[in-house]
């Protein structure tokens, strides 16, 4: 069972590293909300940036429990692969924020060198906060192994 779980962990991490957008579902005073955000992962923790005034950021401040998905836009059911998770989100600061920014800059080079970014992006970056999503449960979907195939990933900690 250890080799199977290790293989699933590696496949899931590779999938997360090779994709860019997570759909983040939150809840708050105005109800449920979903938003697509660019992310970078460090193991299974997902980091993203957003303006604190957005509805999903306000929801996280009020209720940190979230759900998220990462997937492509597939045309055929047997091709569907992706990640589903539930966990806790929070704003980050200090060394963790600096590490997330550095990691994000490697995946999205426009963030790495804001002096060369379009003015609109540089201005937007001055108004954002950094967040993380720490999964409590995470599943890898792979319909190529059978329609509706969903395996829970053991984080190993």
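Data overview
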item	result
Unique match (being in contact (Cβ under 8 Å) with a residue 12 or more places away in the chain, over 27 Å from residue 109 (Cα atoms) and under 13 Å from the mean Cα position of the chain (by Cα)) among 37, 66	66
Selected residue (criterion: farthest from residue 96 (Cα to Cα)) from residues of the range 24-52 that are surrounded by fewer than 15 Cβ atoms within 10 Å (Cβ to Cβ) and in contact with a strand residue (DSSP E or B) (Cβ under 8 Å, 6 or more places away or on another chain)	32
The one condition in (1) in a helix (DSSP H, G or I); (2) closer than 19 Å to residue 19 by Cα; (3) touching a helix residue (DSSP H, G or I) at 6+ places or on another chain (Cβ under 6 Å) that residue 47 fails to fulfil	(1)
Qualifying positions in the range 125-137 - surrounded by 14 or more Cβ atoms within 10 Å (Cβ to Cβ) and either farther than 23 Å from residue 25 by Cβ or free of Cβ contacts under 8 Å to residues at least 24 places away in the same chain (or both)	125
Filtered residue count, the range 31-42, keeping only those that are in a loop (DSSP other than H, G, I, E, B) and touching a helix residue (DSSP H, G or I) at 6+ places or on another chain (Cβ under 7 Å)	0
For residue 81: the one exception among (1) at pLDDT 95 or above; (2) closer than 28 Å to residue 142 by Cβ; (3) surrounded by fewer than 17 Cβ atoms within 10 Å (Cβ to Cβ)	(3)
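This table checks each residue for (1) out of contact with any strand residue (DSSP E or B) (no Cβ under 8 Å at 6 or more places or on another chain); (2) modelled with pLDDT of 85 or more.
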| residue | (1), (2) |
| --- | --- |
| 119 | yes, no |
| 126 | yes, no |
| 138 | no, yes |
| 144 | no, yes |
| 147 | yes, yes |
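The values are calculated or read from the model by the stated rules, or taken from the named source; none is laboratory data. None of the values given here were measured: they were computed from a predicted structure. Here the Cβ is made from the backbone with ideal geometry for all residues, glycine too, and neighbour counts use every protein chain on show.
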